[in-house]
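Below is one structure; the comments refer to it alone.
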Amino acid sequence: MRRDEDSPRWISGTDTARQPALNVKGGLSPRNARRVQEFLNENFSRKLALADMAAVCELSPYHFVRAFSKTFGAPPHQYVLDLRLDFAERLLADSRMTIAEIAHLSGFSSQSHFTTVMKKNRQVTPLQARAGKLNSKIR
């Protein structure tokens, strides 16, 4: 299964909680914040280098990390992980896909990596999250 073609565009929509703080001293310009946010929303499921993200804003990686963190309230790596986890949680509601397929589509290297990251950041495993989503649908 290829990530680019199989994942519907509506699934990777922007979360309102991830809106950048514009005009923050030392942060990204509103234009660069929008550009990097669009880039990450389109590419979060593939392997991303810091240099690629910085190039979108035409900044050095060092300056990009500092400005991104001030603008979005999290470093680029954590922001991308959150995008991947949000996407994966939406896919977990669809019980037709295996957890391994969801891990792959979300950009994780393996099901084990996905489970570890989800447990660390969301305090539940993918199976627990899926069970919770299914239980809420039944009620």
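Quick notes on this structure:
- Farthest toward the positive end of the dipole of the range 19-139, out of N32, S60, Q78, is the Cα of Q78, where the dipole comes from beta carbon charges about the Cα centre.
- Diffusion coefficient, µm² s⁻¹, Stokes-Einstein with Kirkwood Rh over alpha-carbon pairs of the range 33-113 at 4 °C and 1.567 mPa s: 97
- Each peptide among 105-116, 48-59 gets the average number of other Cβ atoms lying within 10 Å of its residues, and from highest to lowest they stand as 105-116, 48-59.
- Take the Cβ atoms of Q128 and R96, set R0 to 25 Å, and the FRET efficiency comes out at 0.85.
- Computed label-point distance, nm, for sites R31 and L48 using a 7 Å Cα→Cβ extension: 2.1
Coordinate-derived values only; no laboratory data. Everything quoted here is computed from the prediction, not taken from an experiment. Here the Cβ is made from the backbone with ideal geometry for all residues, glycine too, and neighbour counts use every protein chain on show.
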